[in-house]
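Notes follow once the structure below has been shown.
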Amino acid sequence: MDSMSEQGDLPNCNLIVNYIPPEISEADFTRMFQTFGNLMNVKIVRDSITRQSMGYGFVKYTKPQFAKKAIEAMNGLKIGSKEIKVSYARPSCKDIKDANLYVSNIPSYVRTTTQLEDIFSPYGKIITSRLLLDSNLKPRGVGFVRFNVKQEASAAVNALNGVILEPSGGPLMVKFAKGNTRIHFDDVEPIMPTNQVKNVVYVTNLDSSVKERTLMELFGQFGEVYDISIIKNTWTGRKNYAFVTLPSFASAQAAINQLNGKVLGTRKIHVAFRHHPPTA
């Protein structure tokens with residue numbers, strides 16, 4: 001992670017905050033942490049294109065005692081349905097970059113992140129992991145594992161890629177996550193692989209009663225739904241919105257043509273491309 005708050009110029013003054021609700025603004029974020037002491041910098045990390053929060057951010061204080069107080073008071077604080085995690089940020093160095101792995105064809109017996117980490121933990125310290133779930137909240141056989149340093153991630157790739165872990169299953173696929181493929185610690189953040197961004201539609205003006213299963217059924221008529229993420233604005237009270245990833249540009253275009261303006265629940269939804277459609 002590249003950030004001004006990982007520079008390490010002030011020991012024990014830099015904090016990383018995970019599980020930030022997507023509706024939290026920089027102003028909200030600043031107010032949350034400024035009560036513990038003087039701040040040098042505050043930053044919520046955002047997607048470079050959409051400017052959406054990626055679910056984590058950094059706080060830099062002028063003195064270590066301020067950072068310590070913030071961790072003691074804020075770590076585990078519940079905001080909406082989430083509990084934020086506040087800890088010291090690791091110093092910036094090339095060894096901690098590119099340590100995030102994309103894992104597919106995960107065995108069916110792996111149903112929790114603990115089981116996933118059991119497979120990878122022999123190769124190094126795992127910072128965090130994530131299993132992607134389908135509309136029934138069952139593992140999709142895909143996930144992410146972030147190691148402490150790239151060397152450990154490389155060891156895991158060399159040892160596990162292509163290994164068959166259950167007799168009836170196929171080989172485990174382990175590779176380094178691409179630069180724009182993110183591991184998300186906030187359940188409402190969508191996974192957006194770089195080869196799918198033009199297949200993603202943006203759905204706004206959602207009724208608060210609309211569930212993921214409803215969107216899965218609605219958009220499933222246009223092709224396999226790769227990913228759905230509903231963003232709930234529990235902090236601000238604004239209307240909900242969602243991202244839906246479809247298998248192709250054509251399927252996304254068809255969904256927009258047929259669903260834009262459709263009444264869903266009590267509201268008329270607006271459906272458009274997450275990005276501008278590709279040119280001919």
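The numbers here are math on the coordinates, done by the rules we state, and not lab data. Every value quoted in this text rests on a predicted model; they were computed, and no experiment measured them. Positions of Cβ are generated from backbone atoms using ideal geometry, with glycine treated the same way; all protein chains shown enter the neighbour counts.
With each label point set 7 Å from Cα along the Cα-Cβ vector, what nm distance links residue 105 and residue 213?
3.3 nm
Based on Cβ point charges of +1 for Lys and Arg and -1 for Asp and Glu, what charge dipole magnitude is obtained for the stretch 105-170 about its Cα centre, in debye rounded to the nearest 20?
Working: 7 positive and 5 negative charges, 41 e Å.
Computed about the Cα centre, the dipole is about 200 debye.
Excluding residue 61 itself, calculate the net charge of residues whose Cβ lies under 11 Å from the Cβ of residue 61, where each Lys or Arg counts +1 and each Asp or Glu counts -1. Working shown, then result.
Working: positive: 60, 63, 68, 69; negative: none.
Once all neighbours under 11 Å are counted, the net charge is +4.
Testing the spin-label approximation: label points 7 Å from Cα along Cα→Cβ at residue 254 and residue 140. State their distance in nm.
In this crude spin-label approximation the distance works out to 2.0 nm.
Note down the net charge around residue 73, summing +1 for each Lys or Arg and -1 for each Asp or Glu among other residues with Cβ under 15 Å from its Cβ.
Details: positive: 31, 68, 69, 78, 85; negative: 72, 83.
Counting the neighbours of residue 73, the net charge comes to +3.
Ordered by residue, what ³J(HN,Hα) values in Hz, to whole numbers, does the stretch 151-160 give under the Karplus form 6.51 cos²θ - 1.76 cosθ + 1.60, where θ = phi - 60° and Gly and Pro are x?
Ordered by residue, 3J(HN,Hα) equals 4, 5, 4, 4, 4, 5, 4, 4, 8, 10 Hz.
Run the quick spin-label model on residue 205 and residue 75: label points 7 Å from Cα toward the beta carbon, then report their separation in nm to one decimal.
Going by the 7 Å Cα→Cβ label model, 4.6 nm.
Work out how much length residue 148 to residue 46 would gain on full extension: take 0.36 nm times their residue separation and subtract the Cα-Cα distance, in nm to one decimal.
Numbers: separation 102, 0.36 × 102 = 36.72 nm, distance 2.21 nm.
The span from residue 148 to residue 46 would gain 34.5 nm if fully extended.
So if each residue of separation counts as 0.36 nm, and I subtract the Cα-Cα distance between residue 266 and residue 30, what length gain in nm does that give?
Details: separation 236, 0.36 × 236 = 84.96 nm, distance 3.55 nm.
Full-extension gain reported as 81.4 nm.
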